[in-house]
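The values are calculated or read from the model by the stated rules, or taken from the named source; none is laboratory data. Predicted model, so just to flag it, every value in this text is computed and none were measured. Glycine also receives a Cβ, built like all others from the backbone with ideal geometry; neighbour counts cover every protein chain displayed. Please note that ligands, DNA and RNA were not included when accessible areas were found on the heavy atoms of the full protein model with its side chains. Shrake-Rupley method; radii C 1.70, N 1.55, O 1.52, S 1.80 Å.
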Amino acid sequence: MTHSTVGIIGAGAMGSGIAQVAAQAGWNVVLMDQSNDVLTHSSAALAKVCNRLVEKGRITADESVALQLRIDRTTEIQKLSSCILVIEAIVENVTVKQKVFASLENVVSNACLIATNTSSLSVTGLASSLQHPERFLGLHFFNPAPLMQLVEVVPAMQTDLRHVPRCIEWMGQWGKTPVQTKDTPGFIVNRLARPFYGEALRIVEEELATTLEVDAAMKAIGFRMGPFELMDLIGNDINYAVTVSVFEAFYFDPRYRPSLIQKQHVEAGWLGRKSGRGYYRYDGAPVASSAPNAMKDPEWIQHRIVSMLINEAVDALSLGIATAVDLELAMTRGVNYPKGLLAWANEWGVETVLEHLQGLQERYGEDRYRPAPLLRDMAANNQSFNVEQE
């Protein structure tokens, strides 16, 4: 049986993870990096992962060997010549990526698709540097790639849309849940999730509740982690950088305004788990041991944050960023939300969500809390969202 070959450029955590996913799906992989040390580390890390999978009975010893042999590691970009797809997973720097694409186009065939794993850069902007931008698109995996189900498929303005179904099919073969999104700042997940952090930070900034209280309130309605626990896990520097990037990309829309608290945590070096301190202290215990204060009614926290999340999803739907089904899949499979945001709106009632937002807008007098026009329309007509898979 002849297996397809995918090229991965960048053997860091993300590139190595994508390589593992493709190899587990039976594809041959050419993993290219300019550093032999990085490639060696990638090989050793995969060996450890495979050993654990064998120990847990997920794969056999023979399958472990075969999986590892399907990945060919190299420092030579010429080795990517036989690939039908090449995914770039290197540093988030436009100039560096464009240099790689220029070299790559001289190596691969005209039939090879080229993808970027960028999470924050414009796919359309990156495509503009290619000789053949029509075969370029975004394939945004989430970290760690072997464990996270979601892949955002992001055509650029220049992409020949005939390539999109093929990429969606390939991602399905790799065991992933692909969703198609417009090339817009934050794509789906990083855009829709901003209020989960932003409103939580705003609440604490105003001393309306503690970080512990906010986290406890959100976990009480099904979120696996509270906003502050999750920011500490992601890294406050990374989360803050994404927030700033989305805020600037949307021309400083107040809905995405970063928080001074988060900025100060980054300045203090309180980056979360990786630095030993963030919104919690990490001295051997997973989170701070002190219990949250006994709040009489945590519902207002839940209503405020979830209403803002729903509003973001409704706005994305009205702008055609993605279908209702893909928006729901992105948040449940990509960031493990307890339910889709549009389904949540149906459950609460669109009118109730609108009332929460109007109350916030009246209190603060800020455009940050403006209800999406589609939300107003649906509330006026007593409608709900169709989130069923066709």
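Taking all protein chains together, Arg58, Arg368, Arg257 sort by accessible area into Arg58, Arg257, Arg368, largest first [probe 1.4 Å]. Let me see the pair-distance distribution of segment 227-365: every alpha carbon pair, 5 Å bin width, integer percents in order. Bins of 5 Å from zero give 2, 9, 13, 16, 20, 19, 13, 7, 2, 0 percent of pairs. Using heavy atoms of the protein chains and a probe of 1.4 Å, the accessible area assigned to Lys274 is about 120 Å².
Across the protein chains, with a 1.4 Å probe defining accessible surface, the residues Ser42, Ser384 rank Ser384, Ser42 from largest area downward. Around the Cα centre of the chain, unit charges on the Cβ atoms of Lys, Arg, Asp and Glu (plus for the first two, minus for the last two) sum to a dipole of about 780 debye. Along the positive direction of the dipole of segment 173-314 (beta-carbon charges: Lys, Arg +1; Asp, Glu -1; about the Cα centre), which of Ala313, Tyr251, His265 reaches farthest? Toward the positive end, the furthest listed residue is Ala313.
Might you tell me the accessible area per residue for the chain, computed with a 1.4 Å probe and given in Å²?
Numbers: 17690 Å² over 390 residues.
Value for the chain: 45 Å² per residue.
Projecting the Cα atoms of Leu360, Ser16, Trp300 onto the charge dipole of the chain, computed from C-beta unit charges around the Cα centre, puts Ser16 farthest toward the positive end. About the centre of its Cα atoms, segment 82-183 shows a dipole size close to 60 debye [charges on the beta carbon of Lys, Arg (+1) and Asp, Glu (-1) only; nearest 20 debye].
What FRET efficiency comes out for Gln98 versus Val244 if R0 is 22 angstrom and r is the Cβ-Cβ distance? Round to the nearest 0.05. Provide the component values of the computation, followed by the final result.
Details: r = 22 Å, r/R0 = 1.01.
Rounded to the nearest 0.05, the efficiency is 0.50.
Across the protein chains, with a 1.4 Å probe defining accessible surface, the residues Phe223, Phe247 rank Phe247, Phe223 from largest area downward.
For Phe385, the accessible area of its heavy atoms, probed at 1.4 Å with every protein chain present, is near 20 square angstrom. For Phe141, neighbours were defined as the other residues whose beta-carbon sits under 11 Å from its Cβ, and their charges (Lys and Arg +1, Asp and Glu -1) total 0.
By how many nm would the segment from Leu147 to Asp367 lengthen if fully extended, with 0.36 nm per residue of separation less the alpha-carbon distance? Kindly include the intermediate steps, with their values, before the conclusion.
Numbers: separation 220, 0.36 × 220 = 79.20 nm, distance 3.78 nm.
Difference between extended and current length: 75.4 nm.
Give me the compactness ratio for segment 101-233, meaning the Cα radius of gyration over 2.2 N^0.38 Å. Numbers along the way, then the final one.
Working: Rg = 18.6 Å, N = 133, 2.2 N^0.38 = 14.1 Å.
Ratio of Rg to 2.2 N^0.38 Å for segment 101-233: 1.32.
Of the peptides 79-85, 15-21, 90-96, 148-154, the order by per-residue mean of other Cβ atoms within 10 Å, starting with the highest, comes out as 15-21, 148-154, 79-85, 90-96. Taking the 1.4 Å solvent-accessible surface of the chain as the whole, the part contributed by carbon and sulfur is 51%.
Distance from the Cα centroid of segment 234-283 to that of segment 29-106 is 30 Å (rounded to whole angstrom).
Grab the eigenvalues of the alpha-carbon gyration tensor for the chain, scale each by 5, take roots, and send me the semi-axes largest first in whole angstrom.
The answer is 38, 25, 20 Å, longest axis first.
For a Förster distance of 51 Å, can you work out the FRET efficiency between the beta-carbons of Glu355 and Glu76, rounded to the nearest 0.05?
Numbers: r = 61 Å, r/R0 = 1.20.
Calculated value: 0.25.
Bridging of Lys182 to lysines at a Cα separation below 18 Å is possible for none of them, once same-chain residues fewer than 8 apart are set aside.
With both partners inside the chain, how many of the DSSP beta bridges are antiparallel, as a percent to the nearest 5?
Numbers: 7 of 31 bridges.
About 25 percent, rounded to the nearest 5.
Can you give the calculated 222 nm mean residue ellipticity of the chain, where each DSSP H run of n ≥ 4 adds -39,500 (n - 2.57) and the sum is split over every residue, rounded to the nearest 500 deg cm²/dmol? Write down the numbers at each step before the final one.
Numbers: 17 runs with 187 residues, N = 390.
The per-residue figure over the chain is -14500 deg cm²/dmol.
Cα-based values for segment 1-153, radius of gyration first and Dmax second, are 15.1, 47 Å.
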